[in-house]
Amino acid sequence: MWEPAAQAFRLNNPGSTVFTEDCNVLLKLVMAGEKTNSLGQKLPQKGDVEMLCGGPPCQGFSGMNRFNSRTYSKFKNSWSSPSSGVEDFFYCDYYRPRFFLLENVRNFVSFKRSMVLKLTLRCLVRMGYQCTFGVLQAGQYGVAQTRRRAIVLAAAPGERLPLFPEPLHVFAPRACQLSVVVDDKKFVSNITRAGDFLVGSLASGFGRWELFRAGNSGPGIHGPALPPQDVLGPVPHHHGARHDVGLPEIRNGASALEISYNGEPQSWFQRQIRGSQYQPILRDHICKDMSALVAARMRHIPLAPGSDWRDLPNIEVRLSDGTTTRKLRYTHHERKNGRSSSGALRGVCSCAEGKPCDPADRQFNTLIPLCLPHTGNRHNHWAGLYGRLEWDGFFSTTVTNPEPMGKQGRVLHPEQQHRVVSVRECARSQGFPDTYRLFGNILDKHRQVGNAVPPPLAKAIGLEIKACAVAKLRQDTAGPLMAPLEPMDASG
């Protein structure tokens, strides 16, 4: 287990036992009859485990991984390799828990023509488990980002198979295409409320846009009739005056691990995210320290919604380190798009003319990164790189390393021109309360946040599992004189 994540779990769950050894070694110890590991920690025995949940490494399945088609990635995520997720099934087969949950990226269900999904279901069915699978949108359960995740649920014989939780929030329809096609057959979950309309949106980490409950007063709660659930809407603000009562303003490279809030919480969302236990100290509102050149690029991205690297001016700028950028020179005729409307050349390399790339065409220290116009025609013009989040939008999928040139490059603060999103803002976008402690350096903390299952999504699934366990308990304790409960619909 990755040590910083283990330490973070210990911080937030001080009464728990956390194992950091190789899971294969631990299982071998238990199967050999050992009661403790080398550290003296008590090992769970057969009959001790009621639920098993896991998330196999997703890098080979994820579209965020630009190298997932390489031979190494294919091998690493095959079912015959270590750390691929097959250990989950070894544990399930030995412990036979009442419930089993597997979480992964959406591409898990379609990877290799759904072969991995089918193998997963086959393994569980062979063990006697009831199974269901589906894709859930975390934004429908109360987080400020789009994050589609594949979920496999299984229940042991005699247990009730949990349903997938109904959405609690409306979300952008374009992000809620959740059906799965396997062998030319379309599969949908039991969810009936599609959340296919949008009342408002939010970038909740910043405080300008907040979550409101339908029963609370607040502007922006208008549109189609909604059930009494959480909806998304804006916080009121004064014209011509700043009204960001969320997180304090910080600069590029901010490193103070503890600072004070701006003031008391002003909305339902701020009260919820700060937690029930009052604490005046805000932790981990820190952001990566970007180079002088990158900081200058961020500073020159306009604040207008949708802005990204394509809005950078082609100018010379004096940087904070004393150096000066150069203008990017367009020196070649671009065969695909021709000249601009003013007759200017568009190409920055001889490859624009259909020739091999020439190292002599390289340009350095330019405000507009050379690599983006160089390869833009092959990559949708790298839309979104050096992009700003929008107050009335939502986060793209929160990743393990917010990087303006990363595949998920819309990571610039919508108003504070010179920085990327902070660790705490990313944690809020995942639904972590401000009281949740992270461990390690800034990259460790970003990785812990980006790899996590959003707590609101986990809670929604957990409540469905709890409902099945409670129903089973009531049925078992009702006795023969009482009629059994009606069986739950386990379709999906």
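The values are calculated or read from the model by the stated rules, or taken from the named source; none is laboratory data. On a predicted model such as this, the values are computed, not experimentally measured, just so you know. With ideal geometry, Cβ positions are generated from the backbone for all residues, glycine too; neighbour counts draw on all protein chains shown.
Would you confirm whether or not the range 272-279 contains a residue that is surrounded by 13 or more Cβ atoms within 10 Å (Cβ to Cβ) and part of a loop (DSSP other than H, G, I, E, B)?
Scanning the range 272-279, I find no residue that is surrounded by 13 or more Cβ atoms within 10 Å (Cβ to Cβ) and part of a loop (DSSP other than H, G, I, E, B), so the answer is no.
So, in the range 87-144, exactly how many residues are surrounded by fewer than 22 Cβ atoms within 10 Å (Cβ to Cβ), farther than 16 Å from Pro162 by Cβ and in contact with a Ser or Thr (Cβ under 7 Å, 6 or more places away or on another chain)?
Number satisfying all stated conditions: 1.
Find the residue count for the range 314-347, including only residues that are in a loop (DSSP other than H, G, I, E, B), within 30 Å of Gly253 (Cα to Cα) and basic (Lys, Arg).
1
Of the residues in the range 374-390, how many are touching a Gly at 6+ places or on another chain (Cβ under 9 Å) and farther than 27 Å from Gln416 by Cβ?
Counting residues in the range 374-390 that are touching a Gly at 6+ places or on another chain (Cβ under 9 Å) and farther than 27 Å from Gln416 by Cβ gives 1.
Might you let me know whether the range 441-450 holds any residue that is at pLDDT 95 or above and part of a loop (DSSP other than H, G, I, E, B)?
Among the residues of the range 441-450, at least one is at pLDDT 95 or above and part of a loop (DSSP other than H, G, I, E, B), which makes the answer yes.
Testing His243 on (1) modelled with pLDDT of 75 or more; (2) closer than 18 Å to Gln416 by Cα, one condition comes back false. Which one is that?
The number of the failed condition is (1).
Show the residue pairs meeting these rules: Cβ distance below 6 Å; 6+ apart or different chains; first residue within the range 101-116 and hydroxyl-bearing (Ser, Thr, Tyr); second residue surrounded by fewer than 21 Cβ atoms within 10 Å (Cβ to Cβ).
That search, which allows pairs on different chains as well, returns Ser114/Val182.
Within the range 1-50, can you find the residues that are closer than 24 Å to Lys445 by Cβ, not in a loop (DSSP other than H, G, I, E, B) and not hydrophobic (A, V, I, L, M, F, W, C)?
Scanning the range 1-50 gives Glu3, Pro4, Gln7, Arg10, Asn12.
Among Ser307, Ser320, Ser350, which is the only one that is in contact with a Cys (Cβ under 8 Å, 6 or more places away or on another chain) and polar (S, T, N, Q)? Show your work before the answer.
On the way: Ser307 fails: in contact with a Cys (Cβ under 8 Å, 6 or more places away or on another chain); Ser320 fails: in contact with a Cys (Cβ under 8 Å, 6 or more places away or on another chain).
Just one listed residue meets the conditions, Ser350.
Please work out which one of (1) touching a Lys or Arg at 6+ places or on another chain (Cβ under 9 Å); (2) buried (at least 21 other Cβ atoms within 10 Å of the Cβ) is the condition Gln417 fails and give its number.
(2)
Is it the case that some residue within the range 434-442 is free of Cβ contacts under 8 Å to residues at least 60 places away in the same chain and crowded, with 19+ Cβ neighbours inside 10 Å?
Within the range 434-442, not a single residue is free of Cβ contacts under 8 Å to residues at least 60 places away in the same chain and crowded, with 19+ Cβ neighbours inside 10 Å.
With respect to Ser69, determine if the residue is outside any strand (DSSP E or B), farther than 23 Å from Glu21 by Cα, small (Gly, Ala, Ser) and at pLDDT below 90.
It is true that Ser69 is outside any strand (DSSP E or B), farther than 23 Å from Glu21 by Cα, small (Gly, Ala, Ser) and at pLDDT below 90.
Give the residue that is surrounded by the fewest Cβ atoms within 10 Å (Cβ to Cβ), with candidates limited to residues of the range 372-405 that are among the aromatic types (Phe, Trp, Tyr) and in a loop (DSSP other than H, G, I, E, B). Don't jump to the end; show me each part of the working.
As a first pass, look at the range 372-405 and keep what is among the aromatic types (Phe, Trp, Tyr): 382, 386, 391, 394-395.
Going one step further and asking which of them are in a loop (DSSP other than H, G, I, E, B), we end up with 386, 391, 394.
Values: Tyr386: 27, Trp391: 20, Phe394: 22.
Residue satisfying both the conditions and the ranking: Trp391.
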